[in-house]
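Q: Sending over a structure as structure tokens; questions will come in a sec.
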Amino acid sequence: MIKIVLLRHGESVWNKKNLFTGWTDVDLTKRGVLEAQDAGRKLSQAGFIFDIAFASYLKRAKRTMRLVLQEMGQKNLHQVFDWRLNERHYGDLQGFNKKEMAEKFGEKQVLLWRRSYGVRPPEISKKNKYNQANDKMYAQIQVPDSESLKDVVVRVKKFWQEEIVPLLKENKKILIVASGNSLRALVKYLDGVSAKEITKLNIPTGVPLVYELGNDLKPRRHYYLADKKELKARTEKVINQGKK
């Protein structure tokens, strides 16, 4: 049985402030650091050892990955950063408070922006200070003005096929650290989740998600390294972000 671990970064500064983050490059909170370290301990206790680790370009994912590996005694592990693991680009919503947006536009509309499959948020304006169009880190790509989850699935699927599949065929043990929506996109692709059902999926911060794959690299089962009480509490925190 082939195993691969997916991990949403620990709580970020903007997670705590309940802001639409997207590609805005914010750091972890103290709690986020503790979540990352706890994830590392859980993985170590479960007997995981990795050959390679992937993270997005965003510092909250990079730092989470490094804290996890340090906790596991694998801080010198080969690390790869890929923009395709970035969070969904939230367009002109980046920097706005989710609850305030729910009060202004209604919870239903905010839920569509946050959890729908095909709906894109308003495109980011050139005047928005959180526009990454001129960020040197993305000089080699066309930065999106806004993304739906459907858009994220396209780039994450390509990442999986180009980067992960060849490594899995070599029996490499892999850790992927990314954001909520890029991981939701990957779960949708791997499990064939419908566009309707994916709206209900919430991935908590800092809890390792283990996928067991068959020799055909198709998922056989998946599970979190957390007890039911902890998993419920962390998931509900994500669910409540977009409410008034």
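Q: Conditions: (1) within 18 Å of residue 203 (Cα to Cα); (2) β-branched (Val, Ile, Thr); (3) touching a strand residue (DSSP E or B) at 6+ places or on another chain (Cβ under 6 Å). Residue 110 meets all but one. Number of the miss?
A: For residue 110, the exception is condition (3).
Q: Further question on the same structure: Please return the ranges of helices (runs of 4 or more DSSP H) entirely within segment 11-74 where 2 or more residues are surrounded by fewer than 18 Cβ atoms within 10 Å (Cβ to Cβ) and aliphatic (A, V, I, L, M).
A: Details: elements: 13-17, 30-45, 59-71.
Counting at least 2 such residues, we get 30-45.
Q: Then there is this: Using the structure shown, decide if residue 175 is in contact with a Lys or Arg (Cβ under 9 Å, 6 or more places away or on another chain) and either small (Gly, Ala, Ser) or in contact (Cβ under 8 Å) with a residue 24 or more places away in the chain (or both).
A: On the way: in contact with a Lys or Arg (Cβ under 9 Å, 6 or more places away or on another chain): no; either small (Gly, Ala, Ser) or in contact (Cβ under 8 Å) with a residue 24 or more places away in the chain (or both): yes.
In short, no.
Q: Here is a list: 47, 73, 22, 95. Which entry is on the phi > 0 side of the Ramachandran plot, of a type outside the set (D, E, K, R) and at pLDDT below 95?
A: Working: 47 fails: at pLDDT below 95; 73 fails: at pLDDT below 95; 22 fails: at pLDDT below 95.
Unique residue meeting the criteria: 95.
Q: Let me ask you something else. Which count do you get for residues in segment 1-31 that are over 22 Å from residue 135 (Cα atoms), charged (D, E, K, R) and within 14 Å of the chain's Cα centre (by Cα)?
A: Result for segment 1-31: 2.
Q: Just checking, which of 71, 11, 87 is over 24 Å from residue 167 (Cβ atoms) and of a type in the set (Asp, Glu)? Walk me through it before giving the result.
A: Numbers: 71 fails: over 24 Å from residue 167 (Cβ atoms); 87 fails: over 24 Å from residue 167 (Cβ atoms).
None of the other options fit; the residue is 11.
Each row is one residue, and each column tells you yes or no for (1) at pLDDT 95 or above; (2) closer than 19 Å to residue 64 by Cβ; (3) among the β-branched types (Val, Ile, Thr).
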position: 202; (1), (2), (3): no, yes, no
position: 205; (1), (2), (3): no, yes, yes
position: 212; (1), (2), (3): yes, no, no
position: 226; (1), (2), (3): no, yes, no
position: 230; (1), (2), (3): no, yes, no
position: 243; (1), (2), (3): no, no, no
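Q: Here's a follow-up. Of the residues that make up segment 182-205, is at least one in contact with a strand residue (DSSP E or B) (Cβ under 6 Å, 6 or more places away or on another chain), in contact (Cβ under 8 Å) with a residue 12 or more places away in the chain and of a type in the set (S, T, N, Q)?
A: Within segment 182-205, one or more residues are in contact with a strand residue (DSSP E or B) (Cβ under 6 Å, 6 or more places away or on another chain), in contact (Cβ under 8 Å) with a residue 12 or more places away in the chain and of a type in the set (S, T, N, Q).
Q: Would you please name the residue that is nearest to the chain's Cα centre (by Cα), looking only at residues in segment 220-229 that are closer than 19 Å to residue 50 by Cβ and assigned to a strand (DSSP E or B)?
A: My answer is 224.
The values are calculated or read from the model by the stated rules, or taken from the named source; none is laboratory data. What you see is a predicted model, and the numbers here were worked out from it, not measured in a lab. So basically every Cβ, Gly included, is an ideal-geometry build from the backbone, and we count neighbours across all protein chains shown.
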